[in-house]
Structures are given as C-alpha cells and as structure tokens.
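See structure below.
The values are calculated or read from the model by the stated rules, or taken from the named source; none is laboratory data. These numbers come from a predicted model, not from an experiment. Here Cβ is always computed from backbone atoms with ideal geometry, including for glycine, and neighbour counts include all displayed protein chains.
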Amino acid sequence: MAATGRELARKGLHVAMGGFAFALAYLSWWQAAILATVALLHNLVLLPRYGSRAVFRDGAIARGIDWGIVFYPATVLLLILLFRERLEIAAAAWAWLAFGDGIATVAGILLGRVTGPLPWNREKSWAGLLGFLLAGVPAGIILWCWTRGEACPPDALVPLLVVGVAVAILESLPLGIDDNLVVGLAGGGLLAVALAVDPARLAPPVATLATAVGVNLLVGLAARLAGAVDGPGLVHGAMLGSALWCWGGPGAFVLLLLFFVLGTGATRIGWRTKEREGTAQEKGGRRGAKHAWANAGAPVLFALLAAGTGDPAPWVLALAAALATATADTLGSEIGQAFGRRTFLVTTFRPVPRGTDGAVSLEGTLAGIAGSAVIGLAALGLDRVGWLGSRGLLGWTDVAAVVVAAFAGTTLESVLGATLERARAIDNEAQNFLNTLVGGLVAVLLRRGLG
C-alpha cells in the first residue's frame, strides 16, 4: 500500500475510534479505564502482528511498533484517570484528538498543496489547521454536552471554544512530541484550567502590566546583547515573563530571572569541553523561543491558576517547583557534561558517554539539587516580603517539597531521555516542559500530603 493511502487508512481508523467517546456518557470511569487499557494492550501487542502493513508508517514497520498508535489509547486512558470525576473533560479532549487531529491530517493530505504550508511549520498546512477548527472544535463541544447530558451553558461554551482553538494551534506547531499526546493531554489540562479560573481575576492593573512588559523587554534586550538569547527567544521570553509577573507577582519574575542566570552561567562552564565532545548548547548557547516555552510554559500555567482560582498557595508552590525543576535539569545537564566523571543511564545503570540522552552523573545530580534548593529558598524569601501574591503562603516544608519535586521532575526527564528521546518519539524541549509540569504537580501533592 502506498504511503499516502496507508496514512489515509490510518487516519480513518483514528477518526473512527472517536465514536467510542460517546460511550463515556454511559460508563463509570473504571469501566472506561478497563476498555482503554484493553485498547492500549491491543495496539501494543496484537496490532503489530496483523495490521502493521495497513496502518503503520514506514519507519514503524521496520521497528515493529508505531508509537503514535500506542500513544492514542494511552492518552485516552490517562484522560479517563485524570478526569474520572469529570468525564466530560476527557470526552472533549478525546474529540479534539480523534476528530480534530484526524481531520487535520486528512485535509492536509488532500488539500495541503492547494492552501500551502503554514509559515511557522512547513510540514503542516492551512487546510489542516482549518480542518481541525471546523471538525475538532464543534466535536469537543458536542461530546462535552453529550457526556454531561445537558445543553452547553455559556460559562462552559467560551472555555470550550477558546481551548479548542488553542489546541488546534498547538497541533500545528513543531513541538517535538507526538500529536496524540499533545492534543489529548494538553487539551484536557487546558480545559480543566479554563473551567477552574475566574476570568475577572486575571486582568492585571494597567500599571502592573506596563511595568512587567517594560522590565521584561529591558532584561530581554540585555540578554540579547550578551548573546544569551536570540531574537525569537527575546520576544517569547518577554511575553512569558510578563505573564508570570502579572499573575504570579514580581517575585515570580525574579525566580524566572534567577533560573535564567543560573542556567546561562552553567551553560558557559566547561564550554570548550562540551564543544570538543559535541554536547554544547546549540547556537553558541543562545536560547530561543522553544526554550522559553519549554521552561516557562508550565510556570505561567501555574501562575494563571494562582491568580484565577482564588486559592493561590498550592499554585504559587507549583510555580516555584516548576522553575526549580527547570533549574535542576539545566544545571544537572550542563555541570554533568562538563565535570561528570561517570555517567550512566537512569533506566539500566549502565555506563554511557557524557551527553547521552537520559544519562546522569553524581556531579550533575548534586548540582541540580543545589540549584533547586536555591530556587526554593528564594521563593520562601520572596513570599516573606509579599512578592509572590499574598504574604505567608510558603513555609520551610514547602522548600523541602520544592527540592523533592524538582528531583522527581528531573528523574522523569532522564527516564524519558533514555526511552522516548532515544526512540525519537520526543525531543528535549518537550521533555523540559513535561518535567517542569510534573515537578509543579508533585509539589502540590506533597503540600497536600504534608498538610
């Protein structure tokens, strides 16, 4: 079967599986989870034995596994488990995954040459983006209402529309991670956030916004002149830093700046050794837009929750833990690549050369722990002076939670690097976003457990 025909058959199956999302209205969460687990095991074990030549992509046929086909039911299972008490969120995200992403690919194959490629990702087309918007966004609304068994109220309609459009744009970006993971999990997470926040709480005073943008632009220009960021990195970094300031307070920006200074300094340490061994940061160490989103995207999300939910304490902690995770990851990688004497894979403990995906070292690990402690202590100090929302949100146990959460997040990054990155199923920036997100969420769980 020709590659194009095989891709159309694959996406036809992809869309058809979305029909099972309508069953969520009649199933308990554990029944749905069992069915999703069966589908995952089928795609992982049985499908390669009889259907690989019909729906697997070329490289996957040789490997004997198609990660995209595995990620689909895995994403559905995670959505059901994460939103077991609100299956309508899982249903809407499944709709975006099945009908939005599926129709986007079909439209791109059939009409992509007519409409032309997207300027920000030439591998995807305007036809694909339009297909997602026309098919996926209405499907998300329909399945949300179907699963709840009621008409869509206005306070849910706007978040469904906004998040549906946002997910369509995310699907069109070159994110370095499989669309089945991005569309489903990001869609479900963003919808949960959008439904939880009060929009009236998010509008900052004009003076705060002006100060945040002005300071971020000045810092960005200084970093650009110092060769620490490129042009897109300046723009996106300033935008994310301004959002952190407006929703998390000036202390959130200080934590971001502290991460940036520590990370940039660690990148410069042992530069000649890294260049010689081929592990040096690309573009001479200058960070770009993708680095800004990978490291600051999750903190901004937590800042939005801190400002918009009326319960800032856990999300301020999550913000600090996410930035501590980014700091620990950067310092661990850069110091380990410069001074690590023995590096090994975290999944097998087998020795590997420095710079290997998923490799860790004692020197890098200790540097990462120290960096996360610096961020945790800085967050405590900034909270004490009222720079992180309301004063008195954090305590000494929260500093410990930040360090532990950062270690958990960086360990996840090492596992992903040793598995999915080595299999080219995920890139470094996608891992960075995931480990900061997980670091923040682990800190919230620890706070609730310790509290």
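Descriptive notes on the structure:
- Among residues of the range 231-263, those that are over 22 Å from the mean Cα position of the chain (by Cα) and not hydrophobic (A, V, I, L, M, F, W, C), counted: 4
- Among the residues making up the range 379-390, those that are out of contact with any helix residue (DSSP H, G or I) (no Cβ under 6 Å at 6 or more places or on another chain) and either in a helix (DSSP H, G or I) or not assigned by TED's automatic domain parsing to the domain that holds Thr436 (or both) are Gly381, Asp383, Arg384.
- So Leu393, is it in a helix (DSSP H, G or I) and either assigned by TED's automatic domain parsing to the domain that holds Thr273 or surrounded by fewer than 23 Cβ atoms within 10 Å (Cβ to Cβ) (or both): no
- Selection from the range 329-344 of residues that are more than 17 Å from the chain's Cα centre (by Cα) and under 12 Å from Ala370 (Cα atoms): Leu331, Gly332, Ile335
- Flag set for Ala168, criterion: within 30 Å of Thr419 (Cα to Cα), buried (at least 22 other Cβ atoms within 10 Å of the Cβ) and over 14 Å from the mean Cα position of the chain (by Cα).
- Gly368 passes every criterion in (1) touching a Ser or Thr at 6+ places or on another chain (Cβ under 8 Å); (2) surrounded by fewer than 21 Cβ atoms within 10 Å (Cβ to Cβ); (3) over 14 Å from Ala418 (Cβ atoms) apart from (2).
- Residue ranges of helices (runs of 4 or more DSSP H) in the range 85-182 with at least 2 members among the hydroxyl-bearing types (Ser, Thr, Tyr): 102-115
- Of the helices (runs of 4 or more DSSP H) contained entirely in the range 1-83, those carrying at least 2 residues that are out of contact with any strand residue (DSSP E or B) (no Cβ under 9 Å at 6 or more places or on another chain), loosely packed, with under 15 Cβ neighbours inside 10 Å and at negative phi fall at 3-16, 29-41, 47-50, 52-55, 58-63.
- Of everything in the range 144-164 that is buried (at least 20 other Cβ atoms within 10 Å of the Cβ) and more than 24 Å from the chain's Cα centre (by Cα), the residue that is farthest from Ala21 (Cα to Cα) is Cys145.
- Pair list, Cβ under 8 Å, 6 or more apart: the range 151-173 residue in the same structural domain as Glu88 (by TED's automatic domain parsing), other residue among the polar types (S, T, N, Q) and surrounded by 14 or more Cβ atoms within 10 Å (Cβ to Cβ): Ser172/Asn121; Leu173/Asn121
- Counting residues in the range 400-411 that are at pLDDT below 95, surrounded by fewer than 22 Cβ atoms within 10 Å (Cβ to Cβ) and among the hydrophobic types (A, V, I, L, M, F, W, C) gives zero.
Every residue, every condition in (1) among the small types (Gly, Ala, Ser); (2) surrounded by fewer than 19 Cβ atoms within 10 Å (Cβ to Cβ); (3) more than 23 Å from Thr436 (Cα to Cα); (4) modelled with pLDDT of 85 or more, yes or no:
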site: Ile335; (1), (2), (3), (4): no, no, no, yes
site: Arg341; (1), (2), (3), (4): no, yes, yes, no
site: Phe349; (1), (2), (3), (4): no, yes, yes, no
site: Val360; (1), (2), (3), (4): no, no, no, yes
site: Glu363; (1), (2), (3), (4): no, yes, no, yes
